[in-house]
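Contents: one structure, followed by commentary.
The values are calculated or read from the model by the stated rules, or taken from the named source; none is laboratory data. Note that the coordinates shown come from a computational prediction; the quantities given were computed from them, not determined experimentally. Here Cβ is always computed from backbone atoms with ideal geometry, including for glycine, and neighbour counts include all displayed protein chains. Surface areas here come from the heavy atoms of the whole protein model, side chains and all, with no ligands, DNA or RNA. Shrake-Rupley method; radii C 1.70, N 1.55, O 1.52, S 1.80 Å.
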Amino acid sequence: LHPAIHGRWDFIINFGWAQQKFHLPPLLPFLELHYLVMDDQAILEAFQKNTAPCTDTLGARVIKFTSEPPVIEMEFEAVHDFTHSNGEVVQGGFVTGMLDAPMAHLLMGLFDFKVIPMTLDINVSFLAPTRKGKLLGTSEVLQLGKSTAFMTSKLYQTDKLVASATSTVRLVPTK
């Protein structure tokens, strides 16, 4: 027999080979020991109060977080220093960072900041030139495995999709 817990999204996780009601798997051993306790508003506030230098560089700000369905939205500010071609186009590495950040943040929020998401691979499609100014990044979970997440992210500028990405992310428990 394997223990089961009732998660914060009103789903049952059965540890072992048992079925799952929601797509969140028996992720990490620490989940067997306690409930996830932060609500969506507390997670959003934590994101807004605690930022990292890498996301500050991108002008990032989390503007929406929901755990059911699991979705995040982040704003970014592309500045002249990110551009090439006489300041006309944002360099692809910055665009990739703007796609990667929402995927990582969504996973951190879903697990109450008790995992470190490590991107194993990222596949980016540049669909249109990204210009200086405001951008909106969104991310969703495609599938969660025992210690791996499959994610997707989209980047919009003035309601136009300019880039998208998928990634494989390893979920490492925090110490």
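Looking only at the range 133-175, residues that are open to solvent by 100 Å² or more (accessible area, probe 1.4 Å), part of a loop (DSSP other than H, G, I, E, B) and either at negative phi or among the polar types (S, T, N, Q) (or both) come to 3 in all. Screening residue 87 with (1) exposed (fewer than 15 other Cβ atoms within 10 Å of the Cβ); (2) at pLDDT 95 or above gives one miss only, at (2). In the range 56-84, how many are out of contact with any strand residue (DSSP E or B) (no Cβ under 6 Å at 6 or more places or on another chain), open to solvent by less than 70 Å² (accessible area, probe 1.4 Å) and β-branched (Val, Ile, Thr)? The qualifying residues number 2.
Does the range 107-117 include one or more residues that are surrounded by fewer than 19 Cβ atoms within 10 Å (Cβ to Cβ), touching a strand residue (DSSP E or B) at 6+ places or on another chain (Cβ under 6 Å) and closer than 19 Å to residue 61 by Cβ? Scanning the range 107-117 turns up no residue that is surrounded by fewer than 19 Cβ atoms within 10 Å (Cβ to Cβ), touching a strand residue (DSSP E or B) at 6+ places or on another chain (Cβ under 6 Å) and closer than 19 Å to residue 61 by Cβ.
Tallying residues that are assigned to a strand (DSSP E or B), under 16 Å from the mean Cα position of the chain (by Cα) and not charged (D, E, K, R) within the range 111-132 yields 9. Each residue in the range 38-52 was checked for being part of a loop (DSSP other than H, G, I, E, B) and free of Cβ contacts under 8 Å to residues at least 40 places away in the same chain, and 4 of them qualify.
Filtered by the rule that a residue be under 18 Å from residue 131 (Cβ atoms), of a type in the set (S, T, N, Q) and not in a loop (DSSP other than H, G, I, E, B), the range 58-103 gives 83, 96.
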